[in-house]
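Participant: There's a structure below that I have some questions on.
The values are calculated or read from the model by the stated rules, or taken from the named source; none is laboratory data. Just so it is clear, the model here is predicted, and its values are computed rather than measured. Every residue, glycine as well, gets a Cβ built from its backbone with ideal geometry; the counts of neighbours run over all protein chains shown.
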């Protein structure tokens with residue numbers, strides 16, 4: 001009879017580094033975030049139309065996204 005031995009395919013440090021890298025990237029992406037200047041906002045008004053009217057930033061929208069992120 002052949003006995004098999006259980007070995008780890010990935011080292012724990014590799015999994016730790018992978019999860020750390022992919023959870024840090026969105027935070028560091030905020031460094032490159034900037035507000036659009038007035039000329040750009042006036043040049044592309046459709047980008048800001050729904051936000052200026054408050055359609056996207058409602059309590060209902062927030063709760064829906066919270067529910068989706070929970071599950």
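Participant: At pLDDT 80 or above and out of contact with any helix residue (DSSP H, G or I) (no Cβ under 9 Å at 6 or more places or on another chain) - does that describe any residue in the stretch 4-12?
Facilitator: Taking every residue of the stretch 4-12 in turn, none turns out to be at pLDDT 80 or above and out of contact with any helix residue (DSSP H, G or I) (no Cβ under 9 Å at 6 or more places or on another chain).
Participant: Determine if the stretch 49-57 includes at least one residue that is outside any helix (DSSP H, G or I), modelled with pLDDT under 75 and touching a helix residue (DSSP H, G or I) at 6+ places or on another chain (Cβ under 8 Å).
Facilitator: yes
Participant: Got a number for residues in the stretch 13-45 being assigned to a loop (DSSP other than H, G, I, E, B) and either in contact with a helix residue (DSSP H, G or I) (Cβ under 7 Å, 6 or more places away or on another chain) or touching a residue at least 60 places away in the same chain (Cβ under 8 Å) (or both)?
Facilitator: Selection size over the stretch 13-45: 0.
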